[in-house]
Amino acid sequence: MDLLFDVLHTQDQGNLWEPFFTNFTITCPKTGDQFTFGFFFIGFQIPLVDRQFDLNFPDLQIPFDWNGTVRRFDAFGHQSLGFAAYDGQGGLQDCGTGELNWKAKALGAGAARGANQVKGQYHITIEKNASGKVTETISFSR
């Protein structure tokens, strides 16, 4: 699971948590399919209250939650994502990540990644404009 965010220190609004992206592997229980799934965020600034944030999208097809606690040089929390999908035989299956724990620390030299065994990638861009309207764009590639 990759994720990236920062904390913006402001005079008038306090500390704001700004997500940039997160991605992870989705697993479907009936078919065993796995694919990577990612969110990209534009224009989100979530106030930190007692160093905590919660970004929750309670969608019917793709429910998503990213929450955590930000400390001076690190952060930790939970993510979860559900994904409603067909099972290839006309039935439905509830694909998802389950509850994922994450930890982050200040950026430094990254570790090399191993090869993954995914069959495709979903990319979702979520954008919030100045008036607060949220739009989402979804693309898929194999």
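For Phe37, Phe76, the ranking by accessible surface with the largest value first comes to Phe76, Phe37, using a 1.4 Å probe.
Each Lys or Arg adds one and each Asp or Glu takes one away; over the other residues whose Cβ falls under 12 Å from the Cβ of Ile124, this sums to -3. Between Thr27 and Asp87, the distance separating the two model label sites (each 7 Å from Cα on the Cα→Cβ line) works out to 1.7 nm. Rounded to the nearest 5, the antiparallel percentage of DSSP beta bridges internal to the chain is 90%. Lys133 contributes about 120 Å² of solvent-accessible surface, heavy atoms of the protein only, 1.4 Å probe. The residues of the chain have, on average, 65 Å² of accessible surface per residue, using a 1.4 Å probe with all protein chains present.
Label separation (Lys103 vs Ser80): 2.2 nm, computed from points 7 Å beyond Cα along the C-beta direction. Ordered from highest to lowest accessible area with the whole protein assembly present and a 1.4 Å probe, Leu55, Leu48 read as Leu48, Leu55.
In angstrom, the C-alpha Rg and Dmax of the chain are 16.3, 56. Computed from label points 7 Å out along Cα-Cβ, the spacing between Asp50 and Asn67 is 1.2 nm.
For His123 and His9, a Förster radius of 30 Å and the Cβ-Cβ distance give a FRET efficiency of 0.50, rounded to the nearest 0.05.
Normalised radius of gyration (Cα atoms, divided by 2.2 N^0.38 Å) for the range 51-104: 1.44.
Were the residues from Asp59 through Glu18 laid out at 0.36 nm apart, the gain over their Cα-Cα distance would be 12.7 nm. Spatial offset of the range 64-86 relative to the range 1-32 amounts to 7 Å, using the alpha carbon center of each.
The three principal axes of the C-alpha atoms in the range 9-62 carry coordinate ranges of 51, 18, 17 Å, sorted with the longest axis first. Each Lys and Arg adds +1 at its Cβ and each Asp and Glu adds -1 at its Cβ; summed about the Cα centre, the range 1-79 shows a dipole of about 160 debye.
The values are calculated or read from the model by the stated rules, or taken from the named source; none is laboratory data. The structure presented is a predicted model; accordingly, all values stated were derived computationally and were not measured. In this analysis, Cβ positions are derived from the backbone assuming ideal geometry, glycine residues included, and neighbour counts consider all displayed protein chains. Ligands, DNA and RNA are excluded from the accessible area calculation, which covers all protein heavy atoms including side chains. Shrake-Rupley method; radii C 1.70, N 1.55, O 1.52, S 1.80 Å.
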